[in-house]
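Asks: Input: one structure, supplied below.
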Amino acid sequence: MRWPPTRFWFLSAVAIVTIVFPVAGPAVAAPKPNFVVIFADDLGYGDLGCYGHPTIATPHLDRMAAEGQRWTSFYSAAPVCTPSRAALLTGRLPIRSGMCDDRRRVLFPDSAGGLPQREITMAEALKQVGYATACIGKWHLGHLPQYLPTSQGFDSYFGIPYSNDMDRVADSPGGREAFWKPKTEYWNVPLMRNQEIVERPADQTTITRRYTDEAIAFIQASRDGPFYCYLAHNLPHVPLFASTEFLGASARGLYGDVVQEIDAGVGRILQTLRDLKLDRRTLVVFTSDNGPWLVFNQHGGSAGLLRDGKGSTWEGGMREPALFWWPGIVKPGVVREMGSTMDVFATCIALAGAKLPDDRVIDGLDVSPVLLGTGKSPRQTMFFYRGTRLYAVRHGQYKAHFITRSAYGSDKAQEHDPPLLFHLGHDPSERFNVASEHPQVVAEIRTIAGDHQKAMVPGEPQLQKKL
Ligand code: MG
């Protein structure tokens with residue numbers, strides 16, 4: 001017999017493999033994943049190539065969709081900016097934080113309120129488990145120092161702290177006239193670094209590129225991880241601006257040029273992650289805060305086949321494009337189950353091994369089983385608020401509207417008893433009311449809505465406070 005015997009080598013090899021690559025066990029923790037959350041402003045459900053737009057070319061987002069997941073029933077938690085952002089960052093319906101209102105529907109430059117300190121943002125939750133955090137772009141959760149990103153868990157901030165159509169200068173063309181041929185000097189919006197104004201008016205023609213540059217610089221500086229980059233573009237919210245390089249690039253006019261510049265920025269960010277070999281350690285999410293602003297004609301986007309747009313609780317106001325990308329981890333495909341921006345909060349916290357706050361109601365659900373391809377979405381129900389009032393409830397494929405009202409600046413609220421009922425599978429455009437055919441579904445959704453409203457404790461209203 002040879003010495004040492006073959007069995008010796010075999011057992012030694014097993015021992016070495018076991019020591020170096022333990023099968024399981026808490027002793028060797030996997031590195032925490034990085035998160036990049038890219039939030040567009042007023043981008044509609046129908047505005048990307050991968051969602052069927054015929055003339056806007058979005059090859060980078062299309063590739064992201066093909067390599068990852070493209071969701072078709074993904075909702076923001078409000079049809080306008082401020083409450084939608086509050087929900088994304090806290091995983092809570094905006095009524096709970098007081099970040100919604102029936103008259104002043106968003107924060108303005110004369111607002112004195114903001115996201116209350118008692119709210120726990122995704123940045124604060126991730127910081128507790130060692131994440132570097134950066135907020136780049138539109139904030140819109142309060143521009144006073146105590147409400148800025150640097151007071152809400154972010155290590156740094158670079159961006160315009162509210163909408164790009166605010167601080168209108170007095171001698172700009174009146175009404176919507178200024179938007180048809182926008183000039184950056186018509187809107188005296190500040191550009192901030194951390195808590196300082198560094199440029200005013202912000203040069204909006206280069207803002208999309210500069211936000212992308214900042215995101216890339218943060219990713220490069222934080223490559224050892226883990227990190228969380230929240231990139232909230234101010235565009236394609238009106239007034240529309242694009243860099244010289246992108247003007248005239250699309251067949252969809254200025255709106256298309258703006259979307260194509262955002263798309264190119266996403267491409268640069270994903271390439272940076274590949275170059276740094278971080279693509280297999282980073283979840284990238286792309287979605288939008290609310291539907292398209294339809295009253296701006298060709299300067300507003302498209303909700304595709306969905307009804308209505310920004311400001312309304314019809315599907316076009318709150319159903320968003322949503323892409324999830326994490327090569328090797330996120331199972332590629334089209335997801336037709338329900339999800340919400342609030343679920344980004346709960347899902348990332350779960351993937352990071354951080355703690356979900358247990359002293360308050362969290363409306364976000366962990367959809368990581370869907371991302372990983374191991375299970376179904378836990379989300380069966382979605383509540384549609386306009387301001388502080390519950391207008392509609394989706395449960396399964398059915399959506400009941402108790403109140404309807406079209407987008408900004410249009411008609412009055414109409415109450416419905418019995419509610420209007422639509423089957424969103426059969427009728428995603430909400431055209432055919434089937435309430436009379438399904439009284440038991442109406443009754444079930446009525447009960448869900450009633451129980452939800454009975455348990456709701458609204459937060460102190462923040463949007464009415466003025467300086
Ligand atoms: Mg918006």
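The values are calculated or read from the model by the stated rules, or taken from the named source; none is laboratory data. Predicted model only: the values in this text are computed from it and were never measured. Reconstructed Cβ throughout: ideal geometry from the backbone, glycine too, with neighbour counts over all protein chains shown.
Asks: Could you go through segment 240-247 and let me know if any residue there is aromatic (Phe, Trp, Tyr) and either surrounded by fewer than 20 Cβ atoms within 10 Å (Cβ to Cβ) or over 30 Å from residue 314 (Cβ atoms) (or both).
Replies: Residues of segment 240-247 aromatic (Phe, Trp, Tyr): 241, 246.
Those left that are additionally either surrounded by fewer than 20 Cβ atoms within 10 Å (Cβ to Cβ) or over 30 Å from residue 314 (Cβ atoms) (or both): 246.
Looking through segment 240-247, at least one residue is aromatic (Phe, Trp, Tyr) and either surrounded by fewer than 20 Cβ atoms within 10 Å (Cβ to Cβ) or over 30 Å from residue 314 (Cβ atoms) (or both).
Asks: Could you say whether any residue in segment 94-117 is modelled with pLDDT of 95 or more, surrounded by 12 or more Cβ atoms within 10 Å (Cβ to Cβ), of a type in the set (Phe, Trp, Tyr) and assigned to a loop (DSSP other than H, G, I, E, B)?
Replies: yes
Asks: Something else now. State whether the residues of segment 241-248 include one that is within 23 Å of the chain's Cα centre (by Cα) and acidic (Asp, Glu).
Replies: Filtering segment 241-248 down to residues within 23 Å of the chain's Cα centre (by Cα) leaves 241-242.
Okay, now just the ones that are also acidic (Asp, Glu), so none.
The answer is no, given that none of the residues of segment 241-248 is within 23 Å of the chain's Cα centre (by Cα) and acidic (Asp, Glu).
Asks: While we're here: List the residue pairs whose Cβ atoms are under 8 Å apart, where the first residue sits in segment 268-279 and is assigned by TED's automatic domain parsing to the domain that holds residue 60 and more than 13 Å from residue 222 (Cα to Cα), the second is surrounded by 13 or more Cβ atoms within 10 Å (Cβ to Cβ) and among the hydroxyl-bearing types (Ser, Thr, Tyr), and the two are 6 or more positions apart or on different chains.
Replies: Matching pairs, first to second residue: 268/212; 269/212.
Asks: Separate question: Would you confirm whether or not segment 256-265 contains a residue that is away from the ligand (no atom under 16 Å from the Cβ), touching a His at 6+ places or on another chain (Cβ under 7 Å) and under 20 Å from residue 54 (Cα atoms)? Before you say what the answer is, go through the steps one by one.
Replies: Narrowing segment 256-265 to residues away from the ligand (no atom under 16 Å from the Cβ): 256-257, 260-261, 263-265.
Now restrict to residues that are touching a His at 6+ places or on another chain (Cβ under 7 Å): 263-264.
Next, only the ones that are under 20 Å from residue 54 (Cα atoms) stay: 263-264.
Yes, there is a match, as at least one residue in segment 256-265 is away from the ligand (no atom under 16 Å from the Cβ), touching a His at 6+ places or on another chain (Cβ under 7 Å) and under 20 Å from residue 54 (Cα atoms).
Asks: Which residues, taken from segment 297-339, are of a type in the set (Lys, Arg), closer than 30 Å to residue 181 by Cα and more than 15 Å from the ligand (Cβ to nearest atom)? If you could, list the steps in order and put the result at the bottom.
Replies: The initial filter retains those residues of segment 297-339 that are of a type in the set (Lys, Arg), namely 307, 310, 319, 331, 336.
Filter again for closer than 30 Å to residue 181 by Cα, leaving 307, 310, 319.
If the condition is that a residue be of a type in the set (Lys, Arg), closer than 30 Å to residue 181 by Cα and more than 15 Å from the ligand (Cβ to nearest atom), then 307 is the only one that fits.
Asks: List pairs: first in segment 304-320 and at negative phi and outside any loop (DSSP other than H, G, I, E, B), second within 13 Å of the ligand (Cβ to nearest atom) and at pLDDT below 95, Cβ under 7 Å, 6+ apart or cross-chain?
Replies: Partner pairs satisfying both residue conditions: 317/407.
Asks: May I pose another question? From the list 121, 55, exactly one residue is more than 16 Å from the ligand (Cβ to nearest atom) and without any contact (Cβ under 8 Å) to a residue 40 or more places away in the chain. Which is it? Don't jump to the end; show me each part of the working.
Replies: On the way: 55 fails: without any contact (Cβ under 8 Å) to a residue 40 or more places away in the chain.
Sole residue among the options that is more than 16 Å from the ligand (Cβ to nearest atom) and without any contact (Cβ under 8 Å) to a residue 40 or more places away in the chain: 121.
Asks: Output the number of the condition that residue 84 fails; it satisfies all remaining conditions of (1) assigned to a loop (DSSP other than H, G, I, E, B); (2) within 14 Å of the ligand (Cβ to nearest atom); (3) within 25 Å of residue 228 (Cα to Cα).
Replies: Of the numbered conditions (1) assigned to a loop (DSSP other than H, G, I, E, B); (2) within 14 Å of the ligand (Cβ to nearest atom); (3) within 25 Å of residue 228 (Cα to Cα), the odd one out for residue 84 is (1).
Asks: Of all strands (runs of 3 or more DSSP E) completely enclosed by segment 173-234, which ones contain at least 3 residues that are in contact with a helix residue (DSSP H, G or I) (Cβ under 6 Å, 6 or more places away or on another chain)? I'd like the intermediate steps shown before the answer.
Replies: Details: elements: 191-193, 196-199, 227-232.
Counting at least 3 such residues, we get 227-232.
Asks: May I ask you to verify whether residue 345 is assigned to a helix (DSSP H, G or I), closer than 30 Å to residue 94 by Cα, within 16 Å of the ligand (Cβ to nearest atom) and modelled with pLDDT of 95 or more?
Replies: Numbers: assigned to a helix (DSSP H, G or I): yes; closer than 30 Å to residue 94 by Cα: yes; within 16 Å of the ligand (Cβ to nearest atom): no; modelled with pLDDT of 95 or more: yes.
Spelling it out, it is not the case that residue 345 is assigned to a helix (DSSP H, G or I), closer than 30 Å to residue 94 by Cα, within 16 Å of the ligand (Cβ to nearest atom) and modelled with pLDDT of 95 or more.
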